[in-house]
Amino acid sequence: MSSTYLQLTNKLLRRLNEVEIDTADFAGARNVQALAKDAINASIREIISYVQQWNFLLTQEEVTLTVGTQEYSFPSDMHVVDWDSFFLKKDASINTNAKELDVINFDEYQNRYRASDANMETTSYQAPQRIYRTQQTKFGVSPPPDKAYTIQYNYFSFPDDLAVATDTTVIPPRFEHVIMEGAMVFMMRFRSNDSAVGYHLQKFKEGMDYMRRVLLDPPDYFRANTQG
C-alpha cells in the first residue's frame, strides 16, 4: 500500500532529524516542514518526467463522438499519447464493428483528406477511418462521423502534485526509497551541502535507472535444456 503524503513527508523529516508534522498541522506547515512537503512533490515530478511512458501512468480513455464533429480534446492530465492505440469500439446499438484506426500527421491530413471532408454533405458522413494529429492538444477523426461512435485510446498521464495529507502517489510503494533520494537532493540544495547533494543525486539517478530496468525493460527468458 502506498504511503500518504503525510507519511512520505515525515519519513523525509526523520532522515533530516527534523520535527515531524501531525495531521492537524499538515496543511499549514511552515519552514523546514513546508520545504519537505515541496521536496516530496519535486522528487515525484522528476521521476515522472524521467521516463514519459512509465507503465503505472498508463490510462485508457474513451470518447463518444458527436455527429459531424472532427476534433476532440485530450484529458487535462495527458502527458504522452499512445498514437498506436486508437481503436473504434464495437457497438451493436449503432451497428458498428471494432477496428483499428490509422494515424496520420496534420500535414498529410491537410494534403489528402481535409478538402474532401469539408466538401461532404451530412448524408455522406461515415464511420471514421483514420485519426490525425492536430496542431493543438487534440486529435481529429476523418471522415466526419455520422453516428455517436466510441473511440478508445491509451495515454500516459502526468498526475497533479500531492496536496492533502491523505493523498498517495502513483509511484509503486517498492520505489518509495527513490522518492526519498530525490527529496534529499532538494533538501541538501536548500542547506547548501554540495557533497550531500552529489551523493543523493547519484543515488536518485541510480534509483530511477533501476525503476526503468524493472518496469520497462523486457524480461530475460531462459529456455530449459531438454537435450539429454
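The values are calculated or read from the model by the stated rules, or taken from the named source; none is laboratory data. This is a predicted model, so every value here is computed, not measured. When we count neighbours, we look across all protein chains shown, and the Cβ atoms used for this are built from the backbone with ideal geometry, even at glycine.
Please go through region 11-37 and pick out each residue that is under 13 Å from Ile179 (Cβ atoms) and surrounded by fewer than 21 Cβ atoms within 10 Å (Cβ to Cβ).
Matches in region 11-37: Lys11, Arg15.
Taking only region 97-121 into account, find how many residues are assigned to a loop (DSSP other than H, G, I, E, B) and either closer than 19 Å to Leu65 by Cα or in contact (Cβ under 8 Å) with a residue 24 or more places away in the chain (or both).
Total satisfying the criteria: 7.
Out of all the residues in region 159-191, which are closer than 15 Å to Ala39 by Cβ and over 21 Å from the mean Cα position of the chain (by Cα)?
Glu181, Met184, Val185, Phe186, Met187, Met188, Arg189, Phe190, Arg191
Among the residues of region 130-164, count how many are in contact with an Asp or Glu (Cβ under 7 Å, 6 or more places away or on another chain) and polar (S, T, N, Q).
Final tally of qualifying residues: 6.
If a residue must be surrounded by 12 or more Cβ atoms within 10 Å (Cβ to Cβ) and under 24 Å from the mean Cα position of the chain (by Cα), how many such residues does region 87-101 contain?
4
Of all residues in region 46-83, which are closer than 23 Å to Lys147 by Cα and assigned to a strand (DSSP E or B)?
Scanning region 46-83 gives Gln60, Glu61, Glu62, Val63, Thr64, Glu71, Tyr72, Ser73, Trp83.
Those residues that are at pLDDT 95 or above and in contact with a helix residue (DSSP H, G or I) (Cβ under 8 Å, 6 or more places away or on another chain), I need them from region 131-140; list them, please.
Tyr132, Gly140
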